[in-house]
Amino acid sequence: MSPQQKFYWLIGGIVALLVIASLIGWVLRRRATAENSIAVIDNLNARVNAWWSMVFIFSAAFIIGTTATIVMFAFISFFALREFITLTPTRAGDHRALSLAFFVIIPVQYWLISDRWYELFTIFIPVYGFLLLPSFSALAHDAENFLERTAKIQWGVMITIYCISHVPALLLLDIPGYTGQNALLLFYLILVVQLSDVLQYVFGKLFGKTKIAPVVSPSKTVEGFVGGAASATLIGAAMWWITPFTPLQSAGMAFIIVLMGFLGGLSLSAVKRSLGAKDWGTMIKGHGGMMDRMDSVSFAAPIFFHLTRYFFT
Amino acid sequence: MLLSKLLIGLVRLLVGAMPRWIGTIPSPTQRIYFANHSSHIDTVALWSALPPELRARTRPVAAADYWGTGRFKRYVALKCLNAVLINRNKTEAGSNPLSPLFEALDRGDSLILFPEGTRQLQALPGNFKAGLFHLAERYPNVELIPVYLENLNRSMPKGAILPVPITCTVRFGTPLARIANEDKPTFLNRARDAVIGAAQ
């Protein structure tokens, strides 16, 4: 099968899944009578509808090409950082540092990917961003909560720009015998992370009893995690034919993606709560904000990128 | 108009400016929306938050000494926003600085007004100027809608050239009730409290 054919098979599979999900949602909604189950089902249907739009935007960017994919992720970083900064108490003195983050760091980081400048891509934010962002804030002569303010901005920039940019950075890798198919690897990562999130949600709703971290993330349960992680790992293994991995390697990679995604969801939920919010935003109906969908991706992407680069290039 | 659409798109991309109708719903009734003022994008943010059919009949009140200067700003104010320019500095004796607003209200248009008169550094509004009181007295049937612009002072604090992308919400509060024979300071304080009330 050519990469093109593989891609259309994938899209076909996802569309079929969404059709099933929409049908289930429709049947459930017709049967529901109790008030709180109606609320849960309405939220479920809103989520499924949002998935339709997300799959559409994603596939469109993939079909248009590499540049469109990179630009799409630049916008994802933009909206994710916007949500992060909205919840973070910054002061007028941070204005220049924030302008730098939004209008310089995001474009440069993604330009480095399209320019295939790997060395600078890896250090641009951890070195140059890390040192220049606080310098800009310091030049504004406001020392109040300076360390807290800069630490929060750094964290937001690392998660929403640096970590998320590792998804399209998969396009940079030169994997022997896999030339011209990197976009499929990107699809693999996103698919495993998101399916793992969805399956953990489904298993949690059906069998969830024991809460893992009730204070940090009340919806995460042991049953949900085990069921979701196991099934997402199996699906990941079954997707080996779109990756450069063997089925066993693919299972291992999927498991690491699932695990990192879980930790990302948990850590960013803790961040969100420490900032006093329940959702990151309201951009994606039923899901919350952009960061509510990208939290697991942001933790899984850099590790997946690094492991693939280390072992397969 | 293309430039208006571009302006609205840009404001949504940068600050969202999504409406939250808390104390009222969108309605074609003639209204005066009055809000706290902390940044240059306040006017466009509130205006973009209105549904298009209301937006077409709602005119922002803008200071002639800012929006009237420079060809581009003047073009945006008059052609895109259909603003009513007023002179907030000294005017010649005998002329009423509010008369352009009377004309707009007489024509049946709604208005967007920033009663503090100038941008503030802090989030919550400062003292209101008397204009709103005179309009309320002269047009007893026009609804007065308090609006709280959340986060815009963070996105573009006074002195900043570029807005930073921070999600801002336009919160529409409960219409201000009319109380017969209320004196000016009491009315203005009550109006200011209504804007603060829309913040919660």
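Brief remarks on what is shown
- Within this structure, A:Ile159 passes the test of being closer than 19 Å to A:Pro89 by Cα, among the hydrophobic types (A, V, I, L, M, F, W, C) and assigned to a helix (DSSP H, G or I).
- Among residues of region A:65-92, those that are at pLDDT below 90 and of a type in the set (A, V, I, L, M, F, W, C), counted: 1
- Among the conditions (1) more than 22 Å from the chain's Cα centre (by Cα); (2) under 30 Å from A:His141 (Cβ atoms), A:Thr33 misses just one, which is (2).
- Evaluated against (1) outside the structural domain of A:Lys6 (by TED's automatic domain parsing); (2) more than 30 Å from B:Arg154 (Cα to Cα); (3) touching a Leu at 6+ places or on another chain (Cβ under 8 Å), A:Trp51 falls short on exactly one condition, (1).
- Pair list, Cβ under 6 Å, 6 or more apart: region B:162-177 residue within 14 Å of chain A (Cβ to nearest Cβ), other residue assigned to a loop (DSSP other than H, G, I, E, B): B:Pro163/B:Ile41; B:Pro163/B:Met156; B:Ile166/B:Asn151; B:Cys168/B:Asn151; B:Arg171/B:Ile22
- So B:Val76, is it modelled with pLDDT of 90 or more, of a type in the set (Val, Ile, Thr) and outside any loop (DSSP other than H, G, I, E, B): no
- Residue check for A:Phe79: assigned to a helix (DSSP H, G or I), surrounded by 13 or more Cβ atoms within 10 Å (Cβ to Cβ) and within 14 Å of another protein chain (Cβ to nearest Cβ): yes
- Qualifying residue in region A:209-218 (condition: of a type in the set (Lys, Arg) and over 23 Å from A:Ala183 (Cβ atoms)): yes
- Elements of the type helices (runs of 4 or more DSSP H) sitting completely within region A:88-141 and holding at least 3 residues that are away from chain B (no Cβ under 14 Å): these cover A:106-114, A:118-123, A:130-138.
- Set A:Phe78, A:Phe84, A:Phe56, A:Phe103: member being under 30 Å from A:Leu131 (Cα atoms), hydrophobic (A, V, I, L, M, F, W, C) and out of contact with any helix residue (DSSP H, G or I) (no Cβ under 7 Å at 6 or more places or on another chain): A:Phe103
- Out of B:Leu135, B:Leu162, B:Leu124, sole residue that is of a type outside the set (Gly, Ala, Ser) and outside any loop (DSSP other than H, G, I, E, B): B:Leu135
- If you go through region B:126-161 and keep only what is among the hydroxyl-bearing types (Ser, Thr, Tyr) and out of contact with any Pro (no Cβ under 8 Å at 6 or more places or on another chain), you end up with B:Tyr139, B:Tyr148.
The values are calculated or read from the model by the stated rules, or taken from the named source; none is laboratory data. All values derive from a computational prediction rather than experimental measurement. Ideal geometry is used to build each Cβ from the backbone, glycine not excepted, and the neighbour counts take in all protein chains shown.
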